[in-house]
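In what follows, a structure is listed as C-alpha cells, so that the remarks can point back to it.
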Ligand SMILES: [Zn+2]
C-alpha cells in the first residue's frame with residue numbers, strides 16, 4: 001500500500017524529539033541544546049525554513065545566537081540525517097517521520113512554499129540502479145519536485 005499521508009501533520013513533537021535524542025545516543029553523538037532547538041524550530045514551522053528565519057527565532061530566545069550557530073547546528077542535523085537542505089529553494093527541511101532509513105521525495109509548492117515529503121523507495125531504488133550502472137557514487141539523493149499543492153490549485157480555479 002502506498003502511503004500518501006501528510007507527514008508533518010499530527011505529530012507528537014515531544015515523542016519525535018525523544019526519538020531524535022535516542023538516535024543520537026545510539027550513534028554516540030550529542031544533540032546539544034542548540035541543535036535540539038534548531039530541529040524543533042524547523043518542525044514547528046511546517047518542517048521548512050531558511051537559515052535566516054531560524055536565526056531570527058533563535059535570536060529572540062538567545063541574544064548570543066549568531067549565523068554560525070545556526071549553520072553549525074544545521075550541518076550537524078544534516079550530517080546525521082535529521083534535516084535536509086532543499087537546494088532549489090535554499091531552505092532546510094526536517095520531518096520527524098523521516099529518518100535515514102526512509103527514502104523520500106520532496107513536493108514543493110511554488111505558490112505557498114509548503115513542502116511535503118512522500119516516501120518513494122521504488123524511485124530511489126531505480127535511481128541507485130542507474131547510478132550503479134554508470135559507476136556513479138550517490139552521496140545525497142533528495143529529489144525535489146516543484147509544482148502547486150492541492151489548496152493552491154483550488155485557489156486558482158476559484159478566481
Ligand atoms: Zn501551495
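One table, with the values for the structure above:
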quantity: Some residue of segment 71-92 being surrounded by 14 or more Cβ atoms within 10 Å (Cβ to Cβ), under 17 Å from the mean Cα position of the chain (by Cα) and in contact (Cβ under 8 Å) with a residue 60 or more places away in the chain; calculated: yes
quantity: Within segment 100-116, tally of residues that are in a strand (DSSP E or B) and within 15 Å of the ligand (Cβ to nearest atom); calculated: 6
quantity: Of the criteria (1) within 15 Å of the ligand (Cβ to nearest atom); (2) in contact with a strand residue (DSSP E or B) (Cβ under 8 Å, 6 or more places away or on another chain); (3) modelled with pLDDT of 90 or more; (4) closer than 20 Å to residue 50 by Cβ, which one residue 148 fails; calculated: (4)
quantity: Set 78, 143: member being more than 21 Å from residue 21 (Cβ to Cβ) and out of contact with any helix residue (DSSP H, G or I) (no Cβ under 6 Å at 6 or more places or on another chain); calculated: 143
quantity: Residues being surrounded by fewer than 20 Cβ atoms within 10 Å (Cβ to Cβ) and under 19 Å from residue 16 (Cα atoms) - total across segment 44-57; calculated: 3
quantity: Test: residue in segment 5-16 that is in contact with a strand residue (DSSP E or B) (Cβ under 7 Å, 6 or more places away or on another chain), more than 22 Å from residue 140 (Cα to Cα) and at pLDDT below 90; calculated: yes
quantity: Every residue from segment 104-130 that is in contact with a strand residue (DSSP E or B) (Cβ under 7 Å, 6 or more places away or on another chain) and at pLDDT below 85; calculated: 104, 119, 120, 123
quantity: Selection count, segment 117-137, where residues are over 24 Å from residue 89 (Cα atoms) and in a loop (DSSP other than H, G, I, E, B); calculated: 4
quantity: Unique residue being under 11 Å from the mean Cα position of the chain (by Cα), within 28 Å of residue 28 (Cβ to Cβ) and either more than 16 Å from the ligand (Cβ to nearest atom) or surrounded by fewer than 16 Cβ atoms within 10 Å (Cβ to Cβ) (or both) when the list is 66, 97, 141; calculated: 97
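The values are calculated or read from the model by the stated rules, or taken from the named source; none is laboratory data. Remember, it's a predicted structure, so these values are computed and weren't measured experimentally. Cβ coordinates were reconstructed from backbone atoms using ideal geometry, including for glycine residues, and neighbour counts include every protein chain displayed.
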